[in-house]
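Data block below; observations after.
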Amino acid sequence: MKLQITCIPGDGIGPEIVAEAKKVLEKVGQTYGHEMVFEDILMGGASIDVHGVPLTEEAVEKAKAADAVLMGSIGGDTTTSPWYKLPPNLRPEAGLLGIRKALNLFANLRPAYLYPELAAACPLKEKISQAGFDMLIMRELTGGLYFGERRTVEENGVRKAIDTLVYDENEIRRIAVKAFDIARKRRGKVTSVDKANVLDSSRLWRKVVEEVAVGYPDVALEHMLVDNCAMQLVKDPAQFDVILTENMFGDILSDEASMVTGSIGMLASASLNDTKFGLYEPSHGSAPDIAGKDLANPIATVLSAAMMLRYSFDLDREADAVEEAVKQVLKEGYRTGDILSEGCTRVGCRQMGSLLAERIR
Ligand code: IPM
Ligand code: MG
């Protein structure tokens, strides 16, 4: 099979982690007889430096022409980088939001799984980490507070800023359907998270999710308020299977969920539209403080590449091989700095990539 993959190395540690994911994918290609064709595009700060904008039309076209997009990370230090002196619509993050919208990537899947080998890195009580957890956050990605109308005005000498949270029922329905479909392949439970005690958009969310649930009698549905969910994630994370939620809540809860796994450096994500096309990226940011030092953990990007093999190419065996390689390397005690614990062998980003590639069977 020929896999046409557009890569966005991006900023900060992005180029380093994408290089390691490519290394692993090349090995998958050799082992299973696939041809990997990579093409890089610029986005975020890297694009600003060359083109003056965080995302060009050409870059979007190249992304669209591929079967899938693999991304590292974008953005820099918001207090020191000159990118953040630009107007908000020209900053690195605008490139990411722009590509999500341009490619209609409305479903963001963020699995949060506690590897038994990393249980010591889990900041929760031992009885919770010993029990383990395995959840998937299904975050709506092209609507809500992120894409509603916003403006800053001055009225009678008083500055005022307005953001709006908008959802129509179709946007809610299509993400709910994805959540129920995935729950069916997992443990059959959806927790829909909203703020229906306050927000109209949440009340509509709840109604539409209930309508969708009628078609899935085999999947259990529960509703949870977002503040309670934030609490439950640290109290009893094992209760969750699929968490379905709107854009902003998903942004916040997915960081929280990743932290309880011990390291944000381990978490992959997939952003999908209604076709097989997807954009795959680690859940973490660009970590400018450690960029270029061979310190980054490439595992989240490698696991994102595994999600790409699974969801965009239907290559389950190959995806399993990548995930197995990650488990194997952890079992053998190799760790990057962010997940290091006593008695383990510390390795850099490049060596971690090579170890993973070597273990592709
Ligand atoms: C994420 C990030 C982005 C988001 C930022 C970089 C715009 O935090 O993917 O979670 O808020 O969606
Ligand atoms: Mg975020």
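Assuming R0 = 30 Å, what is the FRET efficiency of residue 220 and residue 168, from their Cβ-Cβ distance, to the nearest 0.05?
Calculated transfer efficiency: 0.70.
If amide H atoms are built 1.01 Å from N in the plane of the peptide, which residues on other chains or at least 5 residues away come under 5 Å of the amide H of residue 40?
So residue 40 has HN proximity to 7.
Per 10 Å bin, what is the whole-percent P(r) computed from every C-alpha pair distance within segment 63-222?
With 10 Å bins starting at 0, P(r) equals 8, 25, 30, 27, 8, 1.
Viscosity 1.306 mPa s, temperature 10 °C: give me the Stokes-Einstein translational D for segment 1-43 in µm²/s, with Rh taken as the Kirkwood radius over C-alpha pairs. Working shown, then result.
Details: Rh = 10.8 Å.
Approximately 147 µm²/s, per Stokes-Einstein.
In the structure shown, do any of 101/195; 22/293; 2/331; 101/293 have a Cα-Cα gap over 22 Å, and if so which? Each step should come with its number before you reach the end.
Values: 101/195 24 Å; 22/293 19 Å; 2/331 32 Å; 101/293 33 Å.
Those over the limit are 101/195; 2/331; 101/293.
Can you say what percent of the DSSP beta bridges in the chain, counting only those with both residues inside, are antiparallel? Round to 5.
Working: 21 of 50 bridges.
If I count the DSSP bridges inside the chain, around 40 percent turn out antiparallel.
Would you mind checking the pairs 27/62; 185/276; 185/207; 64/327 and listing those with alpha carbons more than 28 angstrom apart?
Numbers: 27/62 24 Å; 185/276 17 Å; 185/207 24 Å; 64/327 33 Å.
Over 28 Å apart, Cα to Cα: 64/327.
Taking amide H atoms as placed 1.01 Å from N in the peptide plane, list the residues 5 or more away in sequence, or in a different chain, whose amide H sits under 5 Å from that of residue 244.
Residues meeting the amide H criterion: 138, 191, 192, 193.
If you bin every alpha carbon distance in the chain into 10 Å steps from zero, what whole percent lands in each bin?
Per 10 Å bin, starting at 0, the Cα pair percentages come out as 5, 24, 33, 27, 10, 1, 0.
Could you compute how fast segment 139-260 diffuses translationally, taking Rh as the Kirkwood radius over C-alpha pairs and applying Stokes-Einstein at 37 °C with viscosity 0.692 mPa s? Give it in µm² per second.
It comes out at roughly 215 µm²/s.
What percent of all Cα-Cα pairs in segment 195-348 falls into each 5 Å bin, going from 0 up to the bin containing the maximum distance?
2, 8, 13, 16, 17, 18, 13, 7, 4, 3, 0
Name the residues whose placed amide hydrogens come within less than 5 Å of the amide hydrogen of residue 73, ignoring near sequence neighbours (fewer than 5 apart) on the same chain.
HN-HN under 5 Å from residue 73: 11, 14.
Could you run the Debye sum over the Cα atoms of segment 123-208, one equal point scatterer each and no solvent, and tell me log10 of I(q)/I(0) at q = 0.11, 0.22, 0.26 Å⁻¹, two decimals?
Each listed q corresponds, in turn, to -0.49, -1.07, -1.25.
Per residue of segment 207-224, what does 6.51 cos²θ - 1.76 cosθ + 1.60 with θ = phi - 60° give for ³J(HN,Hα)? Whole Hz please, x for Gly and Pro, Karplus curve as stated.
3J(HN,Hα) across segment 207-224, in whole Hz: 4, 5, 4, 5, 4, 5, 4, 4, x, 10, x, 7, 10, 7, 10, 9, 9, 9.
Laboratory data are not the source of any read-out in this text; all were calculated from the coordinates shown. None of the values given here were measured: they were computed from a predicted structure. Cβ: placed from backbone, ideal geometry, glycine included. Neighbour counts: every protein chain shown.
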